[in-house]
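I have placed the structure first, in the form of C-alpha cells, so that the comments after it can refer back to it.
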Amino acid sequence: MSIKDFTPDLPTLLEAFELRLREVVRSEVEFVRLIEEDLVTAGGKRVRPRLVFLASNALGGVPYAMELALAVELLHSASLLHDDLVDDAETRRGKEAAFRKYGNAVSVLSGDYLLSRLMALLAQTGRMELVAMFAETARQLSEAEVLQFQVAALHDYSLENYERIIDGKTASVMRVACEGAAVLGDAPPAEREALARFGSLYGQAFQMRDDYLDLMGTAEVLGKPAGGDVREGKVTLITLRLLEAYPEEVGAIFKRRAAKPGDIARLQELAVRSGADLEVTEAIAARVDRAIAALRALPHSAYRDELEALARRELVRIK
C-alpha cells in the first residue's frame with residue numbers, strides 16, 4: 001500500500017510543507033536564492049519531514065509540527081551543502097553540486113543562512129528543550145562527519161567507529177524528528193522513548209542501506225558509479241567485513257582508494273563470495289525489526305502503521 005492509502009491527510013501536509021519551505025528560505029540575495037532553489041526547494045524524498053508528521057499524528061496531533069518539520073529539513077539541507085564541499089562532490093540530487101556552481105564561500109555561507117532560519121523556527125515553538133535537542137543533534141552530526149574523515153586519514157577502521165558515524169550523521173537527525181514531536185506534544189515518557197528509539201534505529205538502518213548500495217548497487221540505481229565510499233576512504237559495514245575476510249587484498253584496494261580499473265568489481269565479487277552481502281542485509285533487517293518493535297509502546301493507528309511501513313521499505317530498497 002502507498003502512504004496515501006494509510007494516511008490521506010499526509011499528502012496535504014507535505015504540500016503545505018513545500019509552500020512554507022519556500023517562504024522560510026526566501027532571500028533577496030540572488031546567490032542565496034539560487035542555491036536554495038537548487039537544493040532546498042528542489043524536492044527530494046522529504047523523509048525527515050514525513051517522520052515528523054507521522055510521529056505527530058501518531059500522538060494525536062501536536063502543536064508546531066510544521067515548524068519542527070521545517071527545522072529538521074533545514075538542518076539536513078545545511079549539512080548537505082557543507083558535506084558536498086568537504087567531499088568534493090560532483091552532483092547532488094542529480095544536479096551539479098552547489099559549491100561547483102557558486103563557489104565555496106557562497107555554499108558554506110548559504111548553509112549558515114539555513115541554520116539561521118532553523119533557529120528562528122525553533123524560537124517560534126517557545127520550547128527551550130527542543131532548542132537544546134537541536135543543538136545536541138548538530139554537535140553529534142558535526143562530530144560524526146569529522147570522525148569519518150579521521151577514520152579515513154588514520155585507517156582506524158572498526159565497527160565501533162562505524163556505528164558512531166552512522167548514529168551521529170544520520171540517526172541523530174531522524175531521532176530529533178521523532179522525539180521532537182513527543183516534546184511538542186508533552187507525550188508520556190514511554191511514548192517519547194518509543195519515538196526516540198524508533199528514530200535512532202530507523203536512521204541507522206537507512207544509512208546502512210545507503211552504504212550497502214554504494215558498493216553493491218548499480219550505476220542505474222545510484223545515478224552515479226558504485227564504490228564512491230571506497231574512493232573517499234570511508235569504511236562501511238560491508239567493507240569492514242571484507243577487510244576482516246581479505247585483509248591484504250582489500251586493504252590494498254583501500255590504500256589506493258580503488259584507483260585501479262576493476263577494483264570495485266573485485267570488491268563486489270568478494271562480497272558475494274564471502275557472504276558479506278547477505279550478512280549485511282541481515283544486519284539491516286535486524287535493525288528494522290528493532291525499530292518496529294519500539295513502536296509497540298504507541299497506541300495503534302494508521303500513522304503508527306505507516307511508520308512501520310517506512311522502516312520496512314529499507315529492506316525493499318536493498319534488493
Inset, instruction - Please state, as a whole number in µm²/s, the translational diffusion coefficient that the Stokes-Einstein equation yields for the range 129-216 at 20 °C and 1.002 mPa s, with Rh defined as the Kirkwood radius across alpha carbon pairs. - result: 157 µm²/s
Legend entry - Apportionment of accessible area to carbon and sulfur, the chain, percent (1.4 Å): 54 percent
Legend entry - Dipole of the chain, positive direction: furthest Cα of V72, G217, G185, with charges on the beta-carbon: G217
Inset, instruction - Ignoring everything but the protein chains, give the 1.4 Å probe accessible area of D167 in square angstrom, nearest 10. - result: 40 Å²
Legend entry - Reduced Cα scattering model of the range 249-319, Debye log10 I(q)/I(0), q = 0.20 Å⁻¹: -0.84
Legend entry - Charge dipole (debye, nearest 20) of the range 154-195; +1 at Cβ of Lys and Arg, -1 at Cβ of Asp and Glu: 140 debye
Legend entry - Along each principal axis, Cα extent of the range 108-155, largest first, Å: 44, 25, 6
Legend entry - Accessible area of the range 159-291 divided out per residue, in Å², using a probe of 1.4 angstrom: 41 Å²
Inset, instruction - Counting residues in the range 230-286 as N, plug N into 2.2 N^0.38 Å and put the Cα Rg over that result. - result: 1.07
Inset, instruction - Quickly estimate the mean residue ellipticity at 222 nm for the chain, helices only: each DSSP H run with n ≥ 4 gives -39500 (n - 2.57), and the total goes over all residues, rounded to 500. - result: -24000 deg cm²/dmol
Legend entry - Alpha-carbon Rg with Dmax, taken over the chain, Å: 19.7, 56
Inset, instruction - Please sort 193-203, 130-140 by packing, taking for each peptide the average over its residues of neighbouring beta carbons within 10 angstrom, highest first. - result: 193-203, 130-140
Legend entry - Peptides ranked, highest mean first, by Cβ atoms within 10 Å: ranges 221-234, 172-185: 172-185, 221-234
Inset, instruction - Set the Förster radius R0 to 22 Å, insert the Cβ-Cβ distance between R139 and L109 as r into 1/(1 + (r/R0)^6), and round the FRET efficiency to 0.05. - result: 0.60
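The values are calculated or read from the model by the stated rules, or taken from the named source; none is laboratory data. Treat the numbers as computed from the prediction; the structure is a model and nothing was measured. Here Cβ is always computed from backbone atoms with ideal geometry, including for glycine, and neighbour counts include all displayed protein chains. Ligands, DNA and RNA are excluded from the accessible area calculation, which covers all protein heavy atoms including side chains. Shrake-Rupley method; radii C 1.70, N 1.55, O 1.52, S 1.80 Å.
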